[in-house]
Every structure is written in C-alpha cells, then in structure tokens.
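Q: Would you mind keeping the following structure in view while I ask a few things?
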Amino acid sequence: MKDKSLVQIALYAALVAALGFIPPVPFAFGVPITAQTLGVMLAGVMLGPWRGALSMLLLVFVVSLGAPLLAGGRGGLGVLAGPTVGFFLGWPVAAFFAGLVAQKLQRLPLLAATAIGAFTGGILVLYICGIIGFKLVTGNNWANSTLTMAVFIPGDLIKVAITCLVAQAVYKGLPGAVATRQP
C-alpha cells in the first residue's frame, strides 16, 4: 500500500475519532445521536470502498484496545457489550458500501452518486448492523428494535446531505481527493 493511502486511512480514522468529541445527544434506550456516522459516510465516499473500510477497521481496533474515542469518551472491549455494538462494528461495512455504491455510480453527477452511496452505506447498511446488534444486546424483538432506530433517520439524512456538500467542495478544489471519482 502506498504511503499516501496509509496517510488517508489514518486521517479518516482520526476524523471519525475527532467527531466523537462532539457531545452526543443521549436517548433513554442507550443509543446516542453522534456526529461519528458522518465521518463513516465521508470515509467511504472519499476514500473508496477498501480504504474507507480499512480506515474504520483501524478505528474499531484502536477503540477496542481502550482508546476513549467514541462519543461520550467510550472505548475498550466493554463497547462490544453495549446497545451500540452493531453500529460500531458496522462502521467498516458501512464505509465499504458507501464507497462501493458511489464508485459504481460515478457516471452520475457527484452529488447524486455520493448521496446514494452515503445513504446506502451510512443508513441502510449501518442500520441493518445496528438493529441486529441492538436486538442481540437488549433482547428486544425485531419490530421494536427497528422502530427504536427510526428516530435517528432524520439526523442521518442531514449527515448524507453534509457528506454530499463536503465531497462536492473537495472535488472542486482537489478532484483527485475523491477516490470514488477515479477512472
């Protein structure tokens, strides 16, 4: 792997970690609203599927070792027993699919390709992972687990829009920095 790719992977892992310092909005059922999923979407659409996934794998590894880089200062193996485990472990998968979809749709205008990619990875795929984890940890049934997560959709749609705007702005200034737009 080239040095530039390693730096980009580390940079997006650090971006998602930094977004964890924005105070989360807590909910009674243990799943907070955080800014970190914005970084997951950005990692996928900006780095492409494999590097986006690797950046999130790096962050999952560092947090699992104990670094308190999740929203609210959480970190360590205890995260794997909490109601957000599915979202946390789904970050690499979500970044992969966000990047893959945006890359496959590169014939579309950038805003459309990144919107569909960020929505697919950052909402559809990530919610599947999150709902499975929430159900397994809490013991709720599938319907309740799914309905519980519905409150997060409006905020995540805003994150999709922000992802599109950031990708568009970066592409205008540095077209090579948006890996999903490469031939």
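Q: As an exercise, find the ratio Rg/Rh for the chain from alpha-carbon atoms, using the Kirkwood inverse-distance average for Rh.
A: 0.97
Q: Taking amide H positions as placed 1.01 Å from N in the peptide plane, with prolines and chain starts having none, which residues 5 or more places from ILE33, or on another chain, fall under 5 Å of its amide H?
A: VAL25, PHE27
Q: ALA169 to PHE21: FRET efficiency via 1/(1 + (r/R0)^6), r the Cβ-Cβ distance, R0 25 Å, to the nearest 0.05?
A: That gives a FRET efficiency of 0.65.
Q: Specify the longest stretch of the chain that does not include any exposed loop site, a site being one of the trypsin sites (Lys or Arg not before Pro) with a non-H, G, I, E, B DSSP assignment and at most 14 other Cβ atoms within 10 Å.
A: Here the longest run is 3-106.
Q: Please list, in order along segment 168-180, the HN-Hα scalar couplings obtained from phi with the Karplus expression 6.51 cos²θ - 1.76 cosθ + 1.60 (θ = phi - 60°), rounded to whole Hz, x for Gly and Pro.
A: Going residue by residue, I get 4, 5, 5, 4, 5, x, 9, x, x, 7, 9, 4, 6 Hz, with x marking Gly and Pro.
Q: So what J values fall out for segment 46-55 if you push phi through Karplus, 6.51 cos²θ - 1.76 cosθ + 1.60 with θ = phi - 60°, rounded to Hz, Gly and Pro as x?
A: Those phi angles translate into 8, 9, x, x, 6, 5, x, 5, 5, 5 Hz.
Q: Run the numbers on the chain and let me know its relative contact order in percent, using alpha-carbon pairs under 8 Å that are six or more apart.
A: Reported relative contact order: 24 percent.
Q: Work out, step by step, the length gained on full extension between ILE128 and LEU6: first 0.36 nm times the residue separation, then minus their alpha carbon distance; give nm to one decimal.
A: Here the segment from ILE128 to LEU6 would lengthen by 41.0 nm.
Q: Could you derive backbone 3J(HN,Hα) for segment 151-165 from the dihedral phi with the Karplus parameters 6.51, -1.76 and 1.60 (θ = phi - 60°), listing whole Hz in sequence and x where the residue is Gly or Pro?
A: 5, 8, 4, x, x, 6, 5, 5, 5, 4, 4, 5, 4, 4, 5
Q: If I build a Gaussian network model for the chain, linking alpha-carbon pairs within less than 10 angstrom, which residue out of ALA18, ALA81, ALA143 has the largest mean-square fluctuation?
A: It is ALA143.
Q: Separate question: Normalised by the residues of segment 69-159, what does the relative contact order come to in percent, with Cα pairs under 8 Å and at least six apart?
A: 31 percent
Each value in this text was obtained by applying a stated rule to the coordinates, not by laboratory testing. What you are looking at is a predicted structure, and each value in this text was computed from that prediction instead of being measured. When we count neighbours, we look across all protein chains shown, and the Cβ atoms used for this are built from the backbone with ideal geometry, even at glycine.
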